[in-house]
Amino acid sequence: MQRGQIAIALPKGRLFPEAIKLFEAAGIHGLEGLTESRRLLCEDSTGAYRFLILRPADIPTYVEYGATDMGVVGKDILLEQERDVYEPLDLKFGACRLVVAQPKNLQSRGRPVGVSAVRVATKYPQIAERYFTEQGVQVEIIRLSGSVELAPSLGLCERIVDLVDTGRTLRENELEEVEEIAIATARLIVNRAALKTKYQQVRGLIDRLMTVVRGGGHDATPPR
C-alpha cells in the first residue's frame, strides 16, 4: 500500500452495491473494477484509496487491527462482535431489524415475562444472550450459521433471534415476530490509530460521506 493511501473494506453481499454508490457519490472514481469483475481489490483513479471486498463478519477485525483504515459493515455485526473501532457515521442504507421470533402456535407470547428458561437458535449468540439475560431469562443458545427459521419446526428451539427485512421468510415458516431488539443499518467504521496518523485524509473522507448521507449533493468534490 502506498504511503498515505487509505485502505477501505467493503462488504460482500447485499450492502455492496449501495456502498459502491456511496463512495462514487462522494467523488471517488475508478471502482468499476470491483463492480464489473470478480476482483477483490482495486485502487481509485487517483491512487489515494485502496478498496478491498471482504466477508462482512471479517471487516471489524480488519479495521480494529489496522489491516484496513476504514470499513462499511452492518450494525448487527458490530453489536455481535463489540470490536474496538470508531463508528462515526450511520450510512442510512441496508436497514434490517434484529428480532425475536417464535412459532405462531406457541402459547407464550410477547416478552418472556414469567418464563424461567428458553432455548434460542441464532446466528447472533452474543446479542441473543445479552437480550434474554437483560429480561431475567435463563437462555440456552444454539448457534447456527444459516436457515435459522427451520429450527423451531424441527424441535431444536422455542425461539430464534434473526435479522429480517420484510418478514416474509418468517411468515413462510409459520413464525411470528414477538420483539424487536435493534434496527441495523450500514455503518462506517474507522481504525482508531488511523484516525490519528492519517487524520486529514480520514477526516476529509468522513466529511464527504457525511455530506452525501445527509443529502448535501452527489459527486462531492475531493479536497485538493
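The values are calculated or read from the model by the stated rules, or taken from the named source; none is laboratory data. Computed from a predicted structure; not experimentally measured. Here the Cβ positions follow ideal geometry from the backbone for every residue, glycine too, while neighbour counts run over all protein chains shown.
A quick yes/no check of all residues on (1) touching a helix residue (DSSP H, G or I) at 6+ places or on another chain (Cβ under 7 Å); (2) without any contact (Cβ under 8 Å) to a residue 60 or more places away in the chain; (3) closer than 20 Å to G94 by Cα; (4) surrounded by 19 or more Cβ atoms within 10 Å (Cβ to Cβ):
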position: Q126; (1), (2), (3), (4): yes, yes, no, no
position: Y131; (1), (2), (3), (4): no, yes, no, yes
position: E134; (1), (2), (3), (4): no, yes, no, no
position: Q138; (1), (2), (3), (4): no, yes, no, no
position: L150; (1), (2), (3), (4): no, yes, no, no
position: R168; (1), (2), (3), (4): no, yes, yes, no
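Name the residue that is surrounded by the fewest Cβ atoms within 10 Å (Cβ to Cβ), counting only residues in segment 189-212 that are among the charged types (D, E, K, R) and out of contact with any Phe, Trp or Tyr (no Cβ under 7 Å at 6 or more places or on another chain). Show your work before the answer.
Our first condition is that a residue be among the charged types (D, E, K, R); within segment 189-212, this holds for 192, 196, 198, 203, 207-208.
Those left that are additionally out of contact with any Phe, Trp or Tyr (no Cβ under 7 Å at 6 or more places or on another chain): 196, 198, 203, 207-208.
Working: K196: 9, K198: 20, R203: 13, D207: 14, R208: 21.
Applying the filter and picking the extreme gives K196.
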Keeping to segment 54-90, report how many residues are crowded, with 17+ Cβ neighbours inside 10 Å, among the aliphatic types (A, V, I, L, M) and either touching a strand residue (DSSP E or B) at 6+ places or on another chain (Cβ under 7 Å) or modelled with pLDDT under 95 (or both).
9
Does segment 127-138 contain at least one residue that is within 18 Å of the chain's Cα centre (by Cα) and under 24 Å from N173 (Cα atoms)?
yes
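So for segment 45-53 (the condition being buried (at least 17 other Cβ atoms within 10 Å of the Cβ) and not assigned by TED's automatic domain parsing to the domain that holds K12), does at least one residue qualify? Before the answer, list the steps.
If we filter segment 45-53 for residues that are buried (at least 17 other Cβ atoms within 10 Å of the Cβ), which is where we start, we get 49-53.
Pick out the ones that are also not assigned by TED's automatic domain parsing to the domain that holds K12 and you get none.
No, because not a single residue in segment 45-53 is buried (at least 17 other Cβ atoms within 10 Å of the Cβ) and not assigned by TED's automatic domain parsing to the domain that holds K12.
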Can you run down the residue pairs with Cβ atoms below 7 Å, 6 or more apart or on separate chains, where the first is in segment 20-36 and over 16 Å from M210 (Cβ atoms) and the partner is of a type in the set (G, A, S) and surrounded by fewer than 19 Cβ atoms within 10 Å (Cβ to Cβ)?
H29/S45; G30/S45
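Here's the yes/no breakdown for (1) at negative phi; (2) without any contact (Cβ under 8 Å) to a residue 40 or more places away in the chain; (3) not hydrophobic (A, V, I, L, M, F, W, C):
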site	(1), (2), (3)
L54	yes, no, no
I59	yes, no, no
G71	yes, no, yes
E82	no, no, yes
E87	yes, no, yes
A95	yes, no, no
V100	yes, no, no
Within segment 140-169, which residues are aliphatic (A, V, I, L, M) and over 20 Å from K104 (Cα atoms)?
I141, I142, L144
State all residues of segment 1-24 that are surrounded by 15 or more Cβ atoms within 10 Å (Cβ to Cβ), among the small types (G, A, S) and closer than 17 Å to G94 by Cα; if no residue qualifies, say none.
A9, A19
Identify the single condition in (1) in contact with a helix residue (DSSP H, G or I) (Cβ under 8 Å, 6 or more places away or on another chain); (2) outside any strand (DSSP E or B); (3) at pLDDT below 95; (4) of a type outside the set (D, E) that V118 does not satisfy, given that it satisfies every other one.
(2)
Hey, any hits in segment 176-186 for a residue that's without any contact (Cβ under 8 Å) to a residue 40 or more places away in the chain and not basic (K, R)?
no
